[in-house]
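S.K.: So that we are looking at the same thing, I have put the structure below in structure tokens.
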Amino acid sequence: MTKLTIDGREIEVEAGMTIIQACEILGVEIPRFCFHERLAIAGNCRMCLVEVEKTPKPVASCAQPVADGMVVKTNSPMVRKARHGVMEFLLINHPLDCPICDQGGECDLQDEAMGYGMDRSRYRELKRAVKDKDFGPLVKPTMTRCIHCTRCVRFLADVAGAPDLGSIGRNENMEIDTFVAKAIGSELSGNIIDLCPVGALTSKPYAFTARSWELHSSESVDALDAVGSNIRVDARGNQVMRVLPRTNDDVNEEWLGDKSRFACDGLMRQRLDRPYLRRDGKLAPASWPETFAAIVDRVRQLGGARVAALAGDLADAEAMFALKELMAGIGSPHLDCRQDGAKLGGPRVSYLFNTTIAGIEQAGALLLIGTNPRWEAPVLNARIRKRWMRGGFPIGLVGADLDLSYRHQHLGDSASVLSAIADGSHPFAKVLKDAKHPMLILGQGALARPDGAQILGLARRVAESTGMVGDGWNGFNVLHTAAARVGGLDMGFLPGAGGRDTAGILAGCKSGEFGAVYLLGADEIDMAALGKAFVIYQGHHGDAGAHRADAILPGAAYTEKDAAYVNTEGRAQQTRLAVFPPGEAREDWKIIRALSEAMGRALPYDTLPELRARLAKSAPSFAAPDRVVPAAWAPFGADGPVGSEPLRSPIANYYMTDPICRASPTMAQCTATFLGGARRTGTHG
């Protein structure tokens, strides 16, 4: 530990800490532009200057380590004069366009100029200008405003692993630019907007739409992947204007994937805002009582045994639980939350990210199986890269060889490689055995195959044979792509005794064994396989399920309800209602509760707290929100041969994986820019 004095107060901090970090511990505010606690130190803005006793010049506190006996002054005449000079210098070329800048009201430069600048400038020459650039459909650069803090450069190079930006030119001709004109090709590119301390980098889709003081904010959770990133939803009136990340060091730190950030414009398009019934082959608006009556009449004609239910990737836990109890009430065991057919559903340890997302930083080696974490979970992939950047972290990949933003060893794309690793005959088996805290990540691409259960069993054998499971460490991890999946598995939204899974339900619909199927936001299945079944679709967008439906029940999107989601590591979190659902749409559990009453089988709760209390008794994971409860190791998976088909990620287009993204103009532009517009769907077909 190191003792030093700051503004007359003595403090003891860890050796190697910088002065600015010591000041933060003491609660002393130090202005800064280039310094960021999650980025490499640059020391180039000089705004954080402080006075250190026995040092003749001001010192950059972000780059100066503390030392025993050091005496620091943060508000002396020397410091104030230095900060005034730095601020005057930074404003020499900065344009006075705050009234039209989207950063206005949230600008660090405005705040620091008010707090530490002067009321006039001695600069009378012409300001420099920088030619407009094109960084793609997401980030809007106005580089005339740039103060060269290089936060964006360091983030893309170090955190995102896509070094697309850098500095060109020297002196007053220096610019931040892509070296070759191109769009920024990272799935985390939107974070440089948050990092920019001025208005040089702003959101292109959000440009000129709202001011910060017009918005009301709600703390929520992202549902467009299974990471459960903590977000802030900013809305004006009943429209979501933007989505920003919230800091949660255990989940997403302070980063957010581009899909989760920019797809919010899809929340206002192609919405289902009233019930519909199919009459004479066409969907026509109907009232709630009419729609319920048609559904009840069809279910009574068929009987519960000929009715099935499928839950989609965006379904919330309360709605799935209510639908599960409704299906039990009518006597149907046919339900499934695995619309992609993933072979999961054993003990809880078999489908969780047991290492936890933050635990990746403690791992010593990694084996990736049938996954592309860069597209399936960009924020989690950044955590893998963060660990890799520290060194001593060998990574092996079984599956398609991809650019994951870090170096890895491609071991092949056949599942038979896992057998060799489990038996110890593959060289990478020794790498895993020799590592402290080895881990593996098993993707949905490996589990959604006909031999998924066998691959799951092989992955378990790899974990056991290489020492991944022991006291205080579990290196077996499943990476989910659907926000609803772990919650559905936890509550048992799975086939009951004699019930059928997704494949069996679709086969039964095609053959006529099932006369009705309830789709709770299930849009990723083969709608043609539903045959002549009566389709009840409950969801919020006019996507594939709504086009096939015979009865439509308009639900609420994740920004329009208080709802629980369980992320890939088993952490139950809650979204918050930011705006109300459009038109006659309602929260999903309320729709199912009303339908159960129309069927004469009213569910035993009338309020959300009552439903959640019953859910917590059924699935203990919901009784411990915002916590990861470790799962006990147990046998799972199946034995047997595996197929020869190559392993691959299930996601073919990061920007088009769900109904909200498919309704988003911004995601359509990203598809056109980065994928040539070739794929309108997000999964391999």
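The values are calculated or read from the model by the stated rules, or taken from the named source; none is laboratory data. From a predicted model like this one, the values you see are computed outputs, not experimental measurements. Glycine gets a Cβ as well: all are built from the backbone with ideal geometry, and neighbour counts include every protein chain shown. For the accessible areas, the whole protein counts, side chains as well, though only heavy atoms, and no ligand, DNA or RNA atoms are used. Shrake-Rupley method; radii C 1.70, N 1.55, O 1.52, S 1.80 Å.
S.K.: Considering only region 581-685, give the helices (runs of 4 or more DSSP H) lying wholly within it that have at least 1 residues that are among the small types (Gly, Ala, Ser) and open to solvent by 30 Å² or more (accessible area, probe 1.4 Å).
M.R.: Working: elements: 588-598, 608-618, 659-662, 665-675.
Result: 588-598, 608-618, 665-675.
S.K.: Exactly one of (1) in contact with a helix residue (DSSP H, G or I) (Cβ under 8 Å, 6 or more places away or on another chain); (2) assigned to a loop (DSSP other than H, G, I, E, B); (3) modelled with pLDDT under 95 is unmet by Ala113. Its number?
M.R.: (2)
S.K.: Right, next: Pick from region 225-240 the residues that are under 11 Å from the mean Cα position of the chain (by Cα) and of a type in the set (S, T, N, Q): which of them is surrounded by the fewest Cβ atoms within 10 Å (Cβ to Cβ)?
M.R.: The first filter runs over region 225-240 and keeps only residues under 11 Å from the mean Cα position of the chain (by Cα), leaving 225-231.
Cutting the leftovers down to of a type in the set (S, T, N, Q) gives us 229-230.
On the way: Ser229: 29, Asn230: 21.
Applying the filter and picking the extreme gives Asn230.
S.K.: Tally time: how many residues in region 1-27 are open to solvent by 20 Å² or more (accessible area, probe 1.4 Å) and within 34 Å of the chain's Cα centre (by Cα)?
M.R.: Selection size over region 1-27: 8.
S.K.: On the basis of being closer than 30 Å to Arg390 by Cβ and modelled with pLDDT of 95 or more, does Ile20 make the cut? Spell out how you get there, then give the answer.
M.R.: Values: closer than 30 Å to Arg390 by Cβ: yes; modelled with pLDDT of 95 or more: yes.
For Ile20, the condition - closer than 30 Å to Arg390 by Cβ and modelled with pLDDT of 95 or more - is met.
S.K.: If you don't mind, another one. For the condition outside any strand (DSSP E or B) and either without any contact (Cβ under 8 Å) to a residue 40 or more places away in the chain or within 30 Å of Trp388 (Cα to Cα) (or both), what is the one hit in Ile92, Ile147? Write out each step before concluding.
M.R.: Numbers: Ile147 fails: either without any contact (Cβ under 8 Å) to a residue 40 or more places away in the chain or within 30 Å of Trp388 (Cα to Cα) (or both).
Step by step, each of Ile92, Ile147 is checked, and only Ile92 is outside any strand (DSSP E or B) and either without any contact (Cβ under 8 Å) to a residue 40 or more places away in the chain or within 30 Å of Trp388 (Cα to Cα) (or both).
S.K.: Suppose we keep only residues that are charged (D, E, K, R) and within 17 Å of Glu172 (Cβ to Cβ) within region 123-133. Which one would you say is least open to solvent (accessible area, probe 1.4 Å)? Walk me through it before giving the result.
M.R.: At the first step, the residues of region 123-133 found to be charged (D, E, K, R) are 124-125, 127-128, 131-133.
Cutting the leftovers down to within 17 Å of Glu172 (Cβ to Cβ) gives us 124-125, 127-128, 131.
Working: Arg124: 183, Glu125: 116, Lys127: 89, Arg128: 50, Lys131: 166 Å².
Here the answer is Arg128.
S.K.: Which of the residues spanning region 70-82 are in contact (Cβ under 8 Å) with a residue 60 or more places away in the chain, open to solvent by 60 Å² or more (accessible area, probe 1.4 Å) and not in a strand (DSSP E or B)?
M.R.: Start the filter on region 70-82 by keeping residues that are in contact (Cβ under 8 Å) with a residue 60 or more places away in the chain, which leaves 70-75.
After this cut, where a residue has to be open to solvent by 60 Å² or more (accessible area, probe 1.4 Å) as well, the list is 73, 75.
Once the filter is applied, which keeps residues that are in contact (Cβ under 8 Å) with a residue 60 or more places away in the chain, open to solvent by 60 Å² or more (accessible area, probe 1.4 Å) and not in a strand (DSSP E or B), region 70-82 yields only Asn75.
S.K.: Further, regarding this structure: Only residues that are out of contact with any strand residue (DSSP E or B) (no Cβ under 7 Å at 6 or more places or on another chain), under 30 Å from Asp658 (Cβ atoms) and not in a loop (DSSP other than H, G, I, E, B): list them for region 464-485, please.
M.R.: Correct list: Asn474, Arg485.
Residues checked against (1) among the acidic types (Asp, Glu); (2) under 16 Å from Arg145 (Cβ atoms); (3) in contact with a Gly (Cβ under 7 Å, 6 or more places away or on another chain):
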{"site": "Glu14", "(1), (2), (3)": "yes, no, no"}
{"site": "Cys23", "(1), (2), (3)": "no, no, no"}
{"site": "Pro77", "(1), (2), (3)": "no, no, no"}
{"site": "Gly85", "(1), (2), (3)": "no, no, no"}
{"site": "Ile100", "(1), (2), (3)": "no, yes, no"}
{"site": "Gln103", "(1), (2), (3)": "no, yes, yes"}
{"site": "Leu109", "(1), (2), (3)": "no, yes, no"}
{"site": "Ala113", "(1), (2), (3)": "no, yes, no"}
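S.K.: Can you name the number of the only condition in (1) under 23 Å from Ala284 (Cβ atoms); (2) open to solvent by 10 Å² or more (accessible area, probe 1.4 Å) that Trp473 fails?
M.R.: In the conditions (1) under 23 Å from Ala284 (Cβ atoms); (2) open to solvent by 10 Å² or more (accessible area, probe 1.4 Å), Trp473 misses (1) alone.
S.K.: Another question, if that's okay. Which one is farthest from Gln339 (Cα to Cα) among residues in region 306-327 that are in contact with a Gly (Cβ under 6 Å, 6 or more places away or on another chain) and not charged (D, E, K, R)?
M.R.: Filtering region 306-327 for residues in contact with a Gly (Cβ under 6 Å, 6 or more places away or on another chain) gives 306, 311-312, 314-315, 317, 320.
The next check asks that each one be not charged (D, E, K, R); those that pass are 311-312, 314-315, 317, 320.
Values: Ala311: 7, Gly312: 7, Leu314: 11, Ala315: 12, Ala317: 16, Met320: 13 Å.
Only one residue tops the list, namely Ala317.
S.K.: Considering only region 87-102, I want to know if a residue exists there that is open to solvent by 30 Å² or more (accessible area, probe 1.4 Å), within 29 Å of Arg374 (Cβ to Cβ), touching a strand residue (DSSP E or B) at 6+ places or on another chain (Cβ under 6 Å) and not β-branched (Val, Ile, Thr).
M.R.: no
S.K.: Looking at (1) hydrophobic (A, V, I, L, M, F, W, C); (2) open to solvent by 10 Å² or more (accessible area, probe 1.4 Å); (3) part of a helix (DSSP H, G or I), can you tell me which one Ile360 breaks?
M.R.: So the condition that Ile360 fails would be (2).
S.K.: Go through region 556-603 residue by residue and tally those that are polar (S, T, N, Q) and within 30 Å of Arg300 (Cβ to Cβ). Reasoning before the result, please.
M.R.: From region 556-603, those polar (S, T, N, Q) are 559, 567-568, 573-575, 596; that's our starting set.
Narrowing further to those that are within 30 Å of Arg300 (Cβ to Cβ): 596.
Total meeting the criteria: 1.
S.K.: Here's another thing I want to ask about it. I'd like the full set of residues that are surrounded by 20 or more Cβ atoms within 10 Å (Cβ to Cβ) and of a type in the set (A, V, I, L, M, F, W, C), limited to region 60-69.
M.R.: Answer for region 60-69, where residues must be surrounded by 20 or more Cβ atoms within 10 Å (Cβ to Cβ) and of a type in the set (A, V, I, L, M, F, W, C): Ala60, Cys62, Val66.
S.K.: Would you mind finding the one in Ala294, Ala315 that is under 13 Å from Ile592 (Cα atoms) and modelled with pLDDT of 95 or more?
M.R.: Numbers: Ala294 fails: under 13 Å from Ile592 (Cα atoms).
Testing whether each residue is under 13 Å from Ile592 (Cα atoms) and modelled with pLDDT of 95 or more leaves just Ala315.
Yes or no, residue by residue, for (1) open to solvent by 10 Å² or more (accessible area, probe 1.4 Å); (2) among the hydrophobic types (A, V, I, L, M, F, W, C); (3) over 22 Å from the mean Cα position of the chain (by Cα); (4) at pLDDT below 95:
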site: Val478; (1), (2), (3), (4): no, yes, no, no
site: Phe493; (1), (2), (3), (4): no, yes, yes, no
site: Asp501; (1), (2), (3), (4): yes, no, yes, no
site: Leu506; (1), (2), (3), (4): yes, yes, yes, no
site: Cys509; (1), (2), (3), (4): no, yes, yes, no
site: Ala522; (1), (2), (3), (4): no, yes, no, no
site: Gly531; (1), (2), (3), (4): yes, no, yes, yes
site: Leu553; (1), (2), (3), (4): no, yes, yes, no
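S.K.: Sticking with this structure for a sec: Would you point out which residue out of Tyr537, Tyr518 is assigned to a strand (DSSP E or B), within 28 Å of the chain's Cα centre (by Cα) and within 21 Å of Asp490 (Cβ to Cβ)? Working first, answer last.
M.R.: Values: Tyr537 fails: within 21 Å of Asp490 (Cβ to Cβ).
Within the list Tyr537, Tyr518, the selection yields Tyr518.
S.K.: In region 134-145, how many are open to solvent by 30 Å² or more (accessible area, probe 1.4 Å) and in contact with a strand residue (DSSP E or B) (Cβ under 6 Å, 6 or more places away or on another chain)?
M.R.: Summing the residues that are open to solvent by 30 Å² or more (accessible area, probe 1.4 Å) and in contact with a strand residue (DSSP E or B) (Cβ under 6 Å, 6 or more places away or on another chain) in region 134-145 gives 1.
S.K.: Kindly provide the set of residues from region 35-71 that are touching a Gly at 6+ places or on another chain (Cβ under 8 Å) and of a type in the set (D, E, K, R), ordered by number.
M.R.: The answer is none; no residue qualifies.
S.K.: Any idea how many residues of region 424-458 are within 23 Å of Asp501 (Cα to Cα) and not β-branched (Val, Ile, Thr)? Can you show your working first?
M.R.: Of region 424-458, the ones within 23 Å of Asp501 (Cα to Cα) are 442-458.
With not β-branched (Val, Ile, Thr) added as a condition, the list becomes 442-454, 456-458.
Going through region 424-458 one residue at a time, the tally reaches 16.
S.K.: Also, quick follow-up: If I filter region 210-224 down to residues being polar (S, T, N, Q) and more than 24 Å from Lys140 (Cα to Cα), which single residue comes out as surrounded by the most Cβ atoms within 10 Å (Cβ to Cβ)? Full working, then the answer.
M.R.: Step one: list which residues in region 210-224 are polar (S, T, N, Q), which gives 212, 217-218, 220.
Adding the requirement that they be more than 24 Å from Lys140 (Cα to Cα) leaves 218, 220.
Working: Ser218: 16, Ser220: 24.
Going through the qualifying residues, I end up with Ser220.
S.K.: Further, regarding this structure: Run down Ser621, Ser649, Ser596, Ser664 and say which single residue is touching a helix residue (DSSP H, G or I) at 6+ places or on another chain (Cβ under 7 Å), under 19 Å from Ile330 (Cα atoms), touching a residue at least 24 places away in the same chain (Cβ under 8 Å) and not aliphatic (A, V, I, L, M).
M.R.: Only one candidate qualifies: Ser596.
S.K.: Right, another one. Going by the conditions given, is Gly488 open to solvent by less than 10 Å² (accessible area, probe 1.4 Å) and at negative phi?
M.R.: Details: open to solvent by less than 10 Å² (accessible area, probe 1.4 Å): yes; at negative phi: yes.
Criteria met by Gly488.
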